[in-house]
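In what follows, a structure is listed as structure tokens, so that the remarks can point back to it.
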Amino acid sequence: MTGPDFPALLTAFLTTYLPRTRGCAVNTIRSYRDTFVLLIRYLAVEHSTEPDQVGFDDLTADRIDLFGKWLHEERGCAPSTVNQRLAAIKSFLRYAQTKAPELISQTRPVLAMPSTTTPHPEITYLTTEAIKLLLEHAQTGGLRDLALLTCIYDTAARVQEVADLNFGDLHAEPPVTITVTGKGRKTRTIPLTGDAAAIMVKYARSARSAGAIDPLFTSRRGTRLTRAGIAAILARHAATAHATNPQIVPEHVTPHVLRHSRAMHLLEDGVNLIYIRDLLGHASVTTTEIYAKTNPELKRVAIEKATRKVVLNTHFDDATRNDLLAFLTTIV
């Protein structure tokens, strides 16, 4: 191995820089770690480079490009996932440059690599009727299941944000709100609608012995519900709702579908994109705009409004217009 110490810099990047300097969440750090686990595995399989021999000389633009193709072709990763892995590698190389400036010219070609073009993801969402049916079935699972699915939908929070909620994050005094912690450990306080607030307060009062730092949603064993556990509860109730009315409830529903549904319903009700952006915790309204582009009804309404503004009323009657020659002579 030549040049700067790759293992030492990678270790410092994952254990010091990301958690302490940048304040990244545990899941973010794990994603970065997984990128390098895959990269080191790729170098071993495709280039016969043993893990303890990997150095910065192995991180050329050509090899990183081949790594991306390997992720896509061999592991079936979507272009967005490949881009995420590339972004993690670039982040590490920028950090490495600050510790070893001699790497700047060597790593510049990788930092200049463009991301893979990805199509706008198709957004799946439920109608308000489907949400009502889903919550009706959730009641059969008890107050916890009803409160859980209500919370996911009404707050439009990410599933990990819901899993991380503690009782102290629910503020039961009117107006009832929930404080969620999102990406980058940024918090946002979300007001609950009347019905959702009543359900959540009732659920919280049913667990009087719970402390502020105790998990809000727990399993039957009393442990914090995981992302997989939440998804399983939702899937179970979605399956029964689908059996009741397969026309409006799909067979498979994920927590993210409920998040998308809430955003769509707010948009349909005329809520400004800026407020929806804040609710979802998006860094930019550009990300939120995809909801407006996806909903065909919103497109139709927008086109109709634009048409009413552009197409002018004519003072020519139908008889005049039917006589084409007469009509043409009058407008020139």
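Couple of notes before you dig in:
- Residue 249 assigned by TED's automatic domain parsing to the domain that holds residue 191, in contact with a helix residue (DSSP H, G or I) (Cβ under 7 Å, 6 or more places away or on another chain), in a loop (DSSP other than H, G, I, E, B) and at pLDDT 65 or above: yes
- Sub-8 Å Cβ pairs linking a first residue in region 115-143 that is surrounded by fewer than 19 Cβ atoms within 10 Å (Cβ to Cβ) to a second residue that is at pLDDT 95 or above and among the acidic types (Asp, Glu), at least 6 apart or interchain, are 139/145, ordered by first then second residue.
- Condition check for residue 192: buried (at least 17 other Cβ atoms within 10 Å of the Cβ), at pLDDT 95 or above and at negative phi: no
- When residues in region 198-213 are screened for being surrounded by 12 or more Cβ atoms within 10 Å (Cβ to Cβ) and either out of contact with any Lys or Arg (no Cβ under 9 Å at 6 or more places or on another chain) or not in a helix (DSSP H, G or I) (or both), 9 of them pass.
- Options 32, 17: the member that is touching a residue at least 12 places away in the same chain (Cβ under 8 Å), more than 22 Å from residue 160 (Cα to Cα) and not in a loop (DSSP other than H, G, I, E, B): 17
- Flag for residue 152 being touching a helix residue (DSSP H, G or I) at 6+ places or on another chain (Cβ under 9 Å), buried (at least 18 other Cβ atoms within 10 Å of the Cβ), modelled with pLDDT of 95 or more and outside the structural domain of residue 195 (by TED's automatic domain parsing): no
- Looking across region 214-231, the residues that are assigned to a helix (DSSP H, G or I), hydrophobic (A, V, I, L, M, F, W, C) and surrounded by 15 or more Cβ atoms within 10 Å (Cβ to Cβ) come down to 230, 231.
- Test result for residue 116, β-branched (Val, Ile, Thr), in the same structural domain as residue 239 (by TED's automatic domain parsing) and within 21 Å of the chain's Cα centre (by Cα): no
- When residues of region 274-288 are limited to those that are hydrophobic (A, V, I, L, M, F, W, C) and modelled with pLDDT of 75 or more, the one farthest from residue 188 (Cα to Cα): 274
- Within region 276-290, residues that are within 20 Å of residue 154 (Cα to Cα) and assigned by TED's automatic domain parsing to the domain that holds residue 154 reach partners that are at pLDDT below 75 and among the aromatic types (Phe, Trp, Tyr) with beta carbons closer than 8 Å, at six or more positions or on different chains, in the pairs 276/291.
- Qualifying positions in region 39-57 - surrounded by 17 or more Cβ atoms within 10 Å (Cβ to Cβ) and either closer than 15 Å to residue 91 by Cβ or in contact (Cβ under 8 Å) with a residue 40 or more places away in the chain (or both): 39, 54, 56
- Region 94-111, residues that are under 14 Å from residue 61 (Cα atoms) and over 26 Å from the mean Cα position of the chain (by Cα): 103, 104, 105, 106, 107, 108, 109, 110
- Residue 52, sole failed condition from (1) closer than 30 Å to residue 186 by Cβ; (2) assigned to a helix (DSSP H, G or I): (1)
The values are calculated or read from the model by the stated rules, or taken from the named source; none is laboratory data. Only a predicted model underlies this, so the values are computations on that prediction, with no experimental measurement involved. Backbone-built Cβ (ideal geometry, glycine too); neighbour counts: all protein chains shown.
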